[in-house]
Amino acid sequence: MVNLKIQFKKFTSKRPNFKLMNNTPVQIAILVLFTSLARLSPADDHHPIIPGFERFAEVEETTDIERGMLLLNELNCMSCHETKSTWAIEPKQAPILTEVGSRVLPEYFGSFIADPHGVKPGTSMPDVLAGKSPNEKKIISESIGQFLASTGRSAKQKSNISLITQGEKLFHSIGCVACHDPLNEEIHLPTSVPLGDLETKYTLPGLQKFISDPLHIRPSGRMPQFNLANKEAQAIASYLLRKVVVDSKINFAYYEGAWEQLPDFDQLKPTSTGTAAGFEMQVGPRKDRFGIVFSGYWKTDTDDKFKFRLGSDDGSKLVIDGKTIITNDGIHPVVFKESECELSAGLHEIRVEFFENSGGEELKVEVYGKGLNGVGLETLMQPTKTAATTPAVDAFVFDPEKAELGKTYFQSLGCVSCHEMKAGGEPVLAKRGINAPSLKSLDLQKGCLHESDSSIRFGLTDDQINCLTAAIKQLKKPGLVTTDPEQSVHEKLVTLNCYACHNRERPGDLIVGGVVDTSGDSAEIYGRKKWFTGTQAEMGDEGQHPPALKSIGAKLNPRWLNKVLTEG
């Protein structure tokens, strides 16, 4: 039998019992030992959630030093405390903020900067304004929020209703729930990477682009690229943002008929008319053989050139101020066509024609230019020349003076140490250095490890502080070099959370990692196994779960392994 070598450092009555699983010819045990399973959920705990740290909290062979090194890496401590990492993978880089205003809602920035742990429990972003007075904190967070919002324009957009069900199925079947909590049940796992309140953060196009290519803005992010088709990414984004409510912004006229080309809608009588939140396909009862004309107004602030992309299944046309800008006619799957157009400052009449013959139905109009980077045209429109609704009291209003002040704060408060960013095509550089000591010369009685006295707070637990302290003490020792290939591989698998899906044999006959499987009273709370169903039930666990990484070198040739790991 496999030597489990399990010893609990402490015990809580809520610990689940762990099953043995037949993932290999020899029964193996998944060493899934959570930190403080008695807590209600990750959402109730405001400390940084690092999956590898949480998962191997009480495995005796995983030392406090090892877990502390992981934290140093994943909290990006080296960005301020310049020290060469001994960890096997580069420190985790913070998201790139270039054009962040085009993918994140403007109201989100200030609130998150003011209270990162309250807005997104489990975030690894520290409260960099913890040492400021409430009034200072308000001024600085609002100003930086204005600066970030100035990098683009974005607005809420309603989810594609027809894709929400598909998105729910994809989210719970392609592996998302290996790292995140399932969203269609009240299940909370301590090792889950928090999603936060996505509806208050992302635009639909912004989240779709992130899901399609997460490494574009998070080059050292731990979320892999799933090689999703555009519609699959759109479906998952629509599901995650399914609760977003958008006021009616455009007019529609709905027609019924069978066409192979766009008809002259002006010569036809609409079946119904009304207002909609966007280019919605569900304004009428039919799924096939219908047409819609969307109309409204768009106010531009300055003279500028814009690029428009019109995508549809089937035919469509974009008309601005009575002039046809793009024609995308005929029966076809989703096809995009684009064109540029110069518009003067002022109000412009928008008309988008569409017809659906049979099969799928989709309509999108994206706008580029003047801070707009693929923003849906419908989010910019209003139904009448005079806006029908007045802005909400708490609606975001751009303030150029605050944005300029925010840039100064962004450059002087250390934001640039973690975040790469360009504004106006130029890198945003620090105005002064952080002057933080290296980890090797750090006074362990001061700074981030003593958060009540620190101007920067990560919300660390006592366990995290103890592990960080142990790791920093280890770094202070002279001649510390990690050369063990086996340990190096383990560190990479822990950091990238590969163990969420795969199990692997370590020295001493230890089997670590794999899909969490529990039994007993806690199974429904902490188990992930039931979400991995596979497509061939007769194969059992081998047909449902990601493969064990045992003896991989003997099974697969190095050339193929290298291709998979480097190219996907």
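The values are calculated or read from the model by the stated rules, or taken from the named source; none is laboratory data. Predicted, not measured: the structure shown is a model, and the values here were computed from it. Note: ideal-geometry Cβ built from the backbone for every residue, glycine included; neighbour counts use all protein chains shown. Note: accessible area is taken over every heavy atom of the protein model, side chains too, but ligands, DNA and RNA are not part of it. Shrake-Rupley method; radii C 1.70, N 1.55, O 1.52, S 1.80 Å.
Points to keep in mind about this one:
- Per-residue HN-Hα couplings for region 110-119 [Karplus 6.51, -1.76, 1.60; θ = phi - 60°; Hz; x = Gly/Pro]: x, 5, 5, 5, 5, 8, x, 6, x, 6
- 29 Å Cα-Cα threshold exceeded, pairs from LYS209/LYS555; LYS156/LYS305; LYS209/LYS323; LYS156/LYS563; LYS323/LYS402: LYS209/LYS555; LYS209/LYS323; LYS156/LYS563; LYS323/LYS402
- Tail beyond 19 Å, pair distance distribution of region 330-383 (Cα, percent): 38 percent
- Reach of LYS132 by Cα under 19 Å, taken over aspartates and glutamates that are not fewer than 8 positions away in the same chain: ASP115, GLU142, GLU451, ASP453
- A 1.4 Å probe run over the protein chains yields, for the chain, 49 Å² of accessible area per residue, whole-number rounding.
- Going by accessible surface with a 1.4 Å probe and the largest first, ARG218, ARG153 read ARG153, ARG218.
- Phi-derived couplings, Karplus 6.51 cos²θ - 1.76 cosθ + 1.60 at θ = phi - 60°, listed residue by residue for region 180-189: 10, 5, x, 9, 9, 9, 7, 10, 10, 10 Hz, with x used for Gly and Pro.
- Residue-level accessible surface for VAL365, protein heavy atoms, 1.4 Å, Å²: 0 Å²
- Classification of the chain by its C-alpha gyration tensor yields an oblate form. The axis ratio a/c (a ≥ b ≥ c) is 1.5 or more, and b/c is at least a/b.
- Accessible surface for VAL397 stands near 110 Å², nearest 10, in the context of the full protein assembly shown (1.4 Å probe).
- Packing rank of 220-227, 403-410, where each peptide gets the mean count of other beta carbons within 10 Å, highest leading: 403-410, 220-227
- Prolate/oblate/rounded call for region 161-205, Cα gyration tensor, a/c under 1.5 rounded: oblate
- For GLY274, the amide hydrogen comes within under 5 Å of the amide hydrogens of PHE252, counting only partners 5 or more places away or on other chains and with H modelled in the peptide plane.
- Ordering 469-478, 157-166 by mean Cβ neighbour count within 10 Å, with the highest value first, yields 157-166, 469-478.
- Additional length obtainable on full extension of the chain from THR469 to GLU538, 0.36 nm per residue less Cα span: 19.9 nm
- Seen through its C-alpha gyration tensor, with square-root eigenvalues sorted a ≥ b ≥ c, region 99-199 comes out oblate because a/c lies at 1.5 or above while a/b is not bigger than b/c.
- Rounded to the nearest 20 debye, dipole of the chain from Cβ charges on Lys, Arg, Asp, Glu: 1120 debye
- Cα-Cα over 21 Å, subset of LYS92/LYS120; LYS231/LYS337; LYS299/LYS407: LYS299/LYS407
- Of PHE336, PHE252, the order by accessible heavy-atom surface (1.4 Å probe, DNA, RNA and ligands excluded), from most exposed downward, is PHE336, PHE252.
- Applied to region 531-541, the Karplus parametrisation 6.51 cos²θ - 1.76 cosθ + 1.60 on θ = phi - 60° returns per-residue 3J(HN,Hα) values of 7, 9, 9, x, 10, 10, 4, 5, 7, x, 4 Hz, with x for Gly and Pro.
- What a 1.4 Å probe finds exposed on region 287-424 is 48% carbon and sulfur by accessible area, rounded to a whole percent.
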